[in-house]
Amino acid sequence: MKAYDVIIVGNGPAGLSAALYTSRANLKTLVIGKDDGALTKADRIENYFGMAEPVSGCELVENSKKQVKSLGAELTEDEIFQVSWNSGFTLEGRKDTYQAKAVLLATGSARKSAKIPGLSELEGRGVSYCAICDAFFYRGRKVGVLGNEDYAAHELSQLLPVVGEAVLLTDGKPLNTSVPEQVQVLEQKLASVDGTGQVEGVTFKDGGKLDLDGLFVALGSAGGAELARKIGAMTEGRNIRVDEDMATNVPGLYAAGDCTGGLLQISKAVGEGAKAAMSMIKFVRARKN
Amino acid sequence: MAVIEITEANFETEVLKSEVPVLVDFWAVWCGPCQMQGPIIDELSEEVQVVKFGKLNVDENMGLAQKFRVMSIPTLMLFKNGQAAATVVGLQSKEAVKQLLGV
């Protein structure tokens, strides 16, 4: 397992900006990026400080990656499924597992959650966003996992040793991961999550029904808010709650950029990344001395 | 007031028959968010005198967790006059718990 002072999840402007400061402060820094993020989709950025000519998002990100590498930070591509804490942070990814003294979530803005009738109404009543937290309550029972990518497969792997039976529901999307043979995969679109007081099953758009005791939501990849919630950081809707130092309520866990909500601009992300870095430097140094 | 450990054995006397409202924190050792909820409940138990605070380990008291349909933790349940009067699921801030308690 690779160990770092600081791990930054996300390689957008907030994450890379934070890495500049932590590397310059001589902290062993790793930036984990899943993909290039929202910024690289912007062709012309005309409102960023100091740019007389429009610059593309790709160019900004590539330059910034070069900059942080030259300062000694490591960059890697991986998708993080889970962050946990036990005298230090452990980050579980698709490719590897990492350890850090402080973690920054800079995962960008949250994806839209599925708007399936009944889903939000039954949250905490059979609808769960955290397999490792809630699997225990479904011992020997039948559950569904909503998703079609590696994150859904990861959540399934947490559930299978505990539950009686698990079904993967892709909600009309093609299966884009591999799941164990015993898992039934249903690709029909969902019409509703059903139950009075607690989840009793789902109805498909084709009229079919499936009885379930629980439904675990694992759409797309784990966003900042999902990772934060699993470790016990406060969220407000899809945003991670931070104080003025970009600290969450979990000691050593920070968040910056679009995942904290507010203005979705590079300047705000860069500023928050810098602030979070200062806090992490302080946090790590206090533990080294 | 210290937080009381609630079990199957003392649930009736400490919670159902309590003369004051009781806030029960359903938790487990393996639950990350519960480790953050615990200290908030500890703090509140020192500050709020009109409510009794209890922690219920779901691993050791599965029957009670099932009886009150706890399906996700942390779950905070406020008992008044022997009845579950309010339930909130997921990690709650100190302010949110205060609001739940009406203090």
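The values are calculated or read from the model by the stated rules, or taken from the named source; none is laboratory data. Predicted, not measured: the structure shown is a model, and the values here were computed from it. FYI the Cβ positions are ideal-geometry reconstructions off the backbone, even for glycines, and counts take in every protein chain you see. SASA here: full protein model, heavy atoms, side chains in, ligands and nucleic acids out. Shrake-Rupley method; radii C 1.70, N 1.55, O 1.52, S 1.80 Å.
Taken over region A:68-94, the criterion of being of a type in the set (Lys, Arg) and modelled with pLDDT under 95 is satisfied by A:ARG94 alone. A search for C-beta distances below 8 Å between a residue of region A:15-43 that is under 23 Å from A:PHE81 (Cβ atoms) and any residue that is of a type in the set (Lys, Arg), counting only pairs 6+ apart in sequence or on different chains, returns A:LEU16/A:LYS65; A:LEU30/A:LYS2.
When A:VAL250 is tested against (1) crowded, with 20+ Cβ neighbours inside 10 Å; (2) without any contact (Cβ under 8 Å) to a residue 60 or more places away in the chain; (3) assigned to a loop (DSSP other than H, G, I, E, B), just one condition goes unmet, and that condition is (2).
Assess whether A:ALA256 counts as being hydrophobic (A, V, I, L, M, F, W, C), more than 16 Å from A:GLY12 (Cα to Cα) and open to solvent by less than 60 Å² (accessible area, probe 1.4 Å). Against the criterion (hydrophobic (A, V, I, L, M, F, W, C), more than 16 Å from A:GLY12 (Cα to Cα) and open to solvent by less than 60 Å² (accessible area, probe 1.4 Å)), A:ALA256 does not qualify.
Consider region A:244-254 and keep the residues that are over 14 Å from the mean Cα position of the chain (by Cα) and either closer than 15 Å to A:GLY108 by Cβ or not polar (S, T, N, Q) (or both). The one that is nearest to the other protein chains (Cβ to nearest Cβ) is A:VAL250. Residues of region A:156-181 that are within 16 Å of A:ALA135 (Cβ to Cβ) and out of contact with any strand residue (DSSP E or B) (no Cβ under 8 Å at 6 or more places or on another chain): A:SER157, A:GLN158, A:PRO161, A:PRO180. For region A:125-135, filtering for residues that are farther than 13 Å from A:ALA222 by Cβ, surrounded by 24 or more Cβ atoms within 10 Å (Cβ to Cβ) and more than 7 Å from chain B (Cβ to nearest Cβ) leaves 1. Only one entry of A:VAL270, A:VAL242, A:VAL284 meets the criterion of being among the β-branched types (Val, Ile, Thr) and open to solvent by less than 10 Å² (accessible area, probe 1.4 Å), and that entry is A:VAL284.
Against the conditions (1) touching a Lys or Arg at 6+ places or on another chain (Cβ under 8 Å); (2) open to solvent by 30 Å² or more (accessible area, probe 1.4 Å), A:ASP5 satisfies every one except (2).
Of the residues making up region B:60-81, those that are within 9 Å of another protein chain (Cβ to nearest Cβ) and more than 16 Å from B:ASN10 (Cα to Cα) are B:GLN66, B:ARG69, B:VAL70, B:MET71, B:SER72, B:ILE73, B:PRO74, B:THR75.
Looking at region A:178-191, can you tell me whether even one residue there is within 25 Å of A:ASP36 (Cα to Cα) and touching a residue at least 40 places away in the same chain (Cβ under 8 Å)? No: region A:178-191 contains no residue that is within 25 Å of A:ASP36 (Cα to Cα) and touching a residue at least 40 places away in the same chain (Cβ under 8 Å).
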